[in-house]
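All remarks here apply to the structure that follows.
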Amino acid sequence: MGNRTQAQRDAMTVEIGYALVTGVFLAAGVFVLCAAPVLVLDLAGGAARGVLVVAATVAGLAFMTRVTRVLWRFGNGHRVRAAGAGRDRPGS
């Protein structure tokens with residue numbers, strides 16, 4: 001880990017915010033898509049509850065997958081850039 005510059009800390013903060021916001025939008029979309037049969041088919045009782053539980057579960061998994069994937073890619077890209085910094089300049 002080591003010492004990080006202010007720019008590196010700011011970049012991580014922005015990336016976390018981006019991951020969370022896009023994760024929320026993805027989860028909301030997945031929930032609406034999965035829960036649509038409740039409204040379209042006018043389900044009631046246990047069937048509606050079951051569909052909504054599945055929709056919430058799938059939406060939660062979509063959120064976690066999106067956040068994990070964005071932050072994982074950011075972390076890997078950050079290490080690659082830091083390791084290769086200065087090597088691509090002529091005369092280095």
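FYI, it's all coordinate maths here, none of it is from the lab. The model shown is predicted, which means the values in this text are computed figures rather than measured ones. Virtual Cβ from ideal backbone geometry, glycine too; neighbours counted across all protein chains shown.
Once both labels are positioned 7 Å from their Cα atoms along Cα-to-Cβ, the gap between VAL32 and THR68 label points is 2.6 nm. When VAL30, VAL24 are sorted by how many other C-beta atoms sit within 10 angstrom of their C-beta, beginning with the fewest, the order is VAL24, VAL30. Computed from phi, the 3J(HN,Hα) profile of the range 20-26 under the Karplus parametrisation 6.51, -1.76, 1.60 (θ = phi - 60°) reads 5, 5, 5, x, 5, 5, 5 Hz, with x in place of Gly and Pro. Computed 3J(HN,Hα) for the range 44-54, one whole-Hz value per residue from the Karplus formula 6.51 cos²θ - 1.76 cosθ + 1.60 where θ = phi - 60°, is 9, x, x, 5, 5, 4, x, 5, 5, 5, 4, glycine and proline marked x. Computed on the Cα trace of the range 1-80, the radius of gyration divided by the Kirkwood hydrodynamic radius gives Rg/Rh = 1.23. Karplus-derived 3J(HN,Hα) values for the range 7-13, using 6.51 cos²θ - 1.76 cosθ + 1.60 with θ = phi - 60°, are 5, 5, 5, 5, 4, 5, 4 Hz; glycine and proline are entered as x.
The Cα atoms of the range 31-75 give a gyration tensor whose axes a ≥ b ≥ c have a/c of 1.5 or more with a/b greater than b/c, which makes the shape prolate.
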